[in-house]
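Student: Quick one: the structure is below, and I'll ask about it shortly.
Readers should treat all values here as calculations from the given coordinates under stated rules, not as data from a laboratory. These numbers come from a predicted model, not from an experiment. Reconstructed Cβ throughout: ideal geometry from the backbone, glycine too, with neighbour counts over all protein chains shown.
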């Protein structure tokens, strides 16, 4: 059987890499990681939101290449349907796709103001109003999903939507965003996943730094 690989960028800085990697882990497929160094020009452009397209992560499966994060999730759901990345119920699945799509294409202010940086801690970080509006919308999404489907994850069982929002959990911790109630319990559940612990350990072990994301501003 051809080797399956997942091309990733920095585990400390790349939110897209985390999404794709966590989806692959949740799917249960066996894959090898191919790491693109953060100082690679294309990888750096994507991490700093300077690239018009997101080409990392990229899943290579039986000579097929799938590089958009939503496409990776949909593809993994096709080849590993028992993992339940997407809900089986049609209406629930449509809701899940909408929630994932909103994360994929939106929240630009949050991305710009609170870039992912797992190694960093910025207590008392001042969040500007547009980023706060994004945070408020994310908390509404979490609240609605948890209330509708009973938790502990957004659609009951862990799946694609949780992978899409996992970097947000990391950002909230880095920048000291206060959570309470069901939102805090949900964020803690994501943070405590064994796969997330593995990702954090690898992120903390990285030596490369991107100067623009290490400055407290």
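Student: Show that you can apply the helix-only estimate: for the chain, add -39,500 (n - 2.57) for every DSSP H stretch of four or more residues, divide by all residues, and state [θ] at 222 nm to the nearest 500. Can you show the working numbers first?
Tutor: Values: 9 runs with 112 residues, N = 217.
Mean residue ellipticity, 222 nm, calculated: -16000 deg cm²/dmol.
Student: Taking Cα pairs under 8 Å and at least six residues apart, what relative contact order does region 90-199 come out at, in percent? The partial results should precede the final answer.
Tutor: Values: 93 pairs, mean separation 35.8, N = 110.
So the answer I get is 33 percent.
Student: With labels modelled as points extended 7 Å from the Cα through the Cβ direction, what inter-label distance (nm, one decimal) is found for residue 132 paired with residue 144?
Tutor: 2.2 nm
Student: In what sequence do 129, 109, 27 fall when counting other Cβ within 10 Å, fewest first?
Tutor: Details: 129 8, 109 17, 27 25.
In order of increasing Cβ crowding within 10 Å: 129, 109, 27.
Student: How much length is gained if the chain between residue 102 and residue 197 is pulled fully straight, taking 0.36 nm per residue apart and subtracting their Cα-Cα distance, in nm to one decimal?
Tutor: Gain in length upon complete extension: 31.6 nm.
Student: Using the number of other C-beta atoms within 10 angstrom as an exposure proxy, rank 116, 23 with the fewest first.
Tutor: Working: 116 23, 23 30.
Ranking 116, 23 by Cβ neighbours within 10 Å, fewest first, gives 116, 23.
Student: Which of 60, 5, 69 comes first, and how do the rest follow, when ranked by fewest Cβ neighbours within 10 Å?
Tutor: Values: 60 18, 5 15, 69 26.
Starting with the residue having the fewest Cβ neighbours, the order is 5, 60, 69.
Student: If R0 is 45 Å, what FRET efficiency do you get for residue 5 and residue 90 from their C-beta distance, rounded to 0.05? Before the final figure, lay out each step's value.
Tutor: Working: r = 33 Å, r/R0 = 0.72.
Efficiency, from the Cβ-Cβ distance: 0.85.
Student: Now, a different point. Give me the percent relative contact order of the chain, please, defined on Cα pairs under 8 angstrom at least 6 residues apart. Walk me through the numbers before you get to the answer.
Tutor: On the way: 299 pairs, mean separation 53.7, N = 217.
That works out to 25 percent.
Student: If you don't mind, another one. Checking the a/c ratio against 1.5 first, then a/b against b/c, what shape does the Cα gyration tensor give for region 90-199?
Tutor: Prolate, because a/c is 1.5 or more and a/b exceeds b/c.
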